[in-house]
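Coordinate-derived values only; no laboratory data. Because the structure is a prediction, the values reported are computed rather than measured. Note that we place each Cβ from the backbone using ideal geometry, even for glycine, and neighbour counts take in every protein chain shown.
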Amino acid sequence: MPCFLFTFHAYGSWLPHRPEGFVHWKHGLQPADEGLADAYRKQMKLDEAEFSERLQRLLVDELKVAAEHQRFRLHAVTTEATHVHVLLSWPDERPPSRLAEGVKKSLSLRLAKDAAKRKWLTKGTSQRRVKDQQHFDYLLDTYLPSHGGWKWDERRGVYK
């Protein structure tokens, strides 16, 4: 059963100037690049998107609904103003990219319905396969809870 950590970034929120680097939609994590960040800013057609606390809760709620309809097990969600992490697994042969597209579509439709009609999410999705039980436990017990926004997991429910 595949298990992945998907990360969906808010539009314009993770530009290449960040000291920790940035995630390119096709090439994954890249080092910081101020010149590229300037080029991206000039190409942006909208202001940067940000997930308020209300929208963070909405994202958590939508992921629980999407899990039922798209046949995946949602293990945990964590949010920030700039992104949402989703830890999930599924019982069939769907490729991760196909599942990520479905999840992203659900999030985008929900945001468009309950917030402003705008581009909320960046192109592409960060997809990291969970290597083993130790990696899963680290994500669930350390990495995801370290984020500052709204969270949900199978054991605790919704919390902040």
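What to note about this one:
- Surrounding net charge for residue 108, when Lys and Arg each add one and Asp and Glu each subtract one, Cβ distance under 15 Å: +4
- Residue 115 paired with residue 18, simple spin-label distance in nm, labels 7 Å along Cα-to-beta-carbon: 1.6 nm
- With Cα atoms, 0 to 90° folded angle of helix 34-43 axis to the chain main axis: 90 degrees
- Rounded, prolate or oblate (a/c below 1.5 giving rounded, otherwise prolate when a/b exceeds b/c) for segment 76-160 by Cα gyration tensor: oblate
- Rel. contact order, % - alpha carbon contacts under 8 angstrom, at least six apart, the chain: 34 percent
- Cross-link check: pairs 131/160; 64/160; 26/104; 26/113; 42/119; 42/105 evaluated at a Cα-Cα cut-off of 21 Å; pairs beyond the cut-off: 131/160; 26/113; 42/105.
- For segment 36-104: rounded, prolate or oblate by the Cα gyration tensor [a/c cutoff 1.5]: oblate
- Acute angle (nearest 10 degrees) that the helix 96-114 long axis makes with the longest principal axis of the chain, alpha-carbon atoms: 70 degrees
- Whole-percent pair-distance distribution, where bins are 10 Å wide, for the alpha carbons of the chain: 10, 40, 37, 12, 1
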